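Engineer: First the structure, then my questions, so here it is.
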Amino acid sequence: MRLELPIRNVNRTVGTMLGHEITKVGRRRLPDDTVHVDFTGSAGNSFGAFLPAGVTMTLSGDANDYVGKGLSGGRLVVRPPEECHPDFVAEHNIIAGNVMAYGATGGEIFVRGVVGERCCVRNSGALVVTEGVGDHGCEYMTGGRAVILGETGRNFGAGMSGGIAYVHNPHGALEADHNPGMVELEALDEADAEFLRGAIEAHVEVTGSAVGTDLLGRWEAAVGEFTKVMPTDYQRVLEVTAKAQADGLDEDATMEAVMAAARI
């Protein structure tokens, strides 16, 4: 099913009743894009909240706060309308509001442009790609992935205990802008680079991103401009899990080792 609909900022939590009906009758995960809705206009608060797998909603326009709140497997795409002024530069303009992907448990959000404060707060499983975020990005994040193709604002990663963020950081500004209490800044390894390239390719495919296209066009140099933001506790858990699996421990023993590491 594919629909094309207008949207206004008085239309709030668009997609939530649709997602509820799908979840209520569903017996299995729907394939991607089973339902695809293209919106044009300005979305009110909580666009795509709690959207389940199998539903894609694209928005040509802009959105208010809480895009993808509680996202549960669906896909959201926010991009400028095609009839923008020729001088409009998406990656220099705010296209969505604060608290994107709040409490998201799964799914994907691709945004061509800058978003507001507290992006990915309490994200626990979604992939979010934006072209810049305001202050307090990835606050209290516990899982998922964030890819930031622009500036982050201050206090990035405060209380971040899980998940990974990849930030385009060509000038080293993240060193001063991140909160070092629970995270470390690292270089990307080969697996990180492979994941990041795939995420940017997906972003370009659905948004037409100019900044993403530029990065891919000079990838060998561009990948070195990214910084990995890794929570220290999460890193320790990953290391303990990998060692337990290498030692041949069963699931219960692996969990005991992980819990012991978490208490350190």
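The values are calculated or read from the model by the stated rules, or taken from the named source; none is laboratory data. Worth saying up front: this structure is predicted, and the values here are computed from it rather than measured. Neighbour counts run over all protein chains shown; Cβ positions are idealised from the backbone, glycine included. Please note that ligands, DNA and RNA were not included when accessible areas were found on the heavy atoms of the full protein model with its side chains. Shrake-Rupley method; radii C 1.70, N 1.55, O 1.52, S 1.80 Å.
Engineer: One residue is enough: does region 222-243 have a residue meeting the conditions assigned to a helix (DSSP H, G or I), crowded, with 17+ Cβ neighbours inside 10 Å and at pLDDT 95 or above?
Structural biologist: There is at least one residue in region 222-243 that is assigned to a helix (DSSP H, G or I), crowded, with 17+ Cβ neighbours inside 10 Å and at pLDDT 95 or above.
Engineer: Any residue that is under 25 Å from Arg75 (Cα atoms), loosely packed, with under 13 Cβ neighbours inside 10 Å and either free of Cβ contacts under 8 Å to residues at least 60 places away in the same chain or β-branched (Val, Ile, Thr) (or both) - is there at least one of those in region 179-193?
Structural biologist: yes
Engineer: Still on this structure, I have one more. What pairs can you find where one residue is in region 14-40 and without any contact (Cβ under 8 Å) to a residue 24 or more places away in the chain and farther than 21 Å from Ser60 by Cβ, the other is basic (Lys, Arg) and surrounded by 12 or more Cβ atoms within 10 Å (Cβ to Cβ), and their Cβ atoms are less than 8 Å apart, with a gap of 6+ or different chains?
Structural biologist: none
Engineer: Right, something else. From Gly212, Gly163, Gly157, which residue is open to solvent by less than 30 Å² (accessible area, probe 1.4 Å) and touching a Phe, Trp or Tyr at 6+ places or on another chain (Cβ under 9 Å)?
Structural biologist: Gly163
Engineer: Considering Thr58, Thr16, which residue is open to solvent by less than 30 Å² (accessible area, probe 1.4 Å) and among the hydroxyl-bearing types (Ser, Thr, Tyr)?
Structural biologist: Just a single option satisfies the conditions, and that option is Thr58.
Engineer: Still on this model: Scan His203, His171 and give me the residue that is within 26 Å of Ile95 (Cα to Cα), surrounded by 13 or more Cβ atoms within 10 Å (Cβ to Cβ) and either among the β-branched types (Val, Ile, Thr) or modelled with pLDDT of 95 or more (or both).
Structural biologist: Criteria check complete, one pass: His203.
Engineer: I've got another one for you. Tell me which residues, restricted to region 61-89, are of a type in the set (A, V, I, L, M), buried (at least 20 other Cβ atoms within 10 Å of the Cβ) and more than 11 Å from Val115 (Cβ to Cβ).
Structural biologist: Residues satisfying the conditions are Leu71, Leu76, Val77.
Engineer: Moving to a separate point now. Take Ala187 and decide whether it is over 20 Å from Thr58 (Cα atoms) and small (Gly, Ala, Ser).
Structural biologist: Yes: the conditions hold for Ala187.
Engineer: Please state which one of Val206, Val211 is on the phi < 0 side of the Ramachandran plot and in contact with a Leu (Cβ under 8 Å, 6 or more places away or on another chain).
Structural biologist: The match here is Val211.
Engineer: Only one of these conditions is not met by Gly144: (1) touching a Lys or Arg at 6+ places or on another chain (Cβ under 9 Å); (2) closer than 17 Å to Leu71 by Cβ; (3) small (Gly, Ala, Ser). Which number is it?
Structural biologist: Gly144 satisfies all of (1) touching a Lys or Arg at 6+ places or on another chain (Cβ under 9 Å); (2) closer than 17 Å to Leu71 by Cβ; (3) small (Gly, Ala, Ser) except (1).
Engineer: Further, regarding this structure: Give me a count of the residues in region 121-149 that are part of a loop (DSSP other than H, G, I, E, B), at positive phi and touching a residue at least 40 places away in the same chain (Cβ under 8 Å).
Structural biologist: 2
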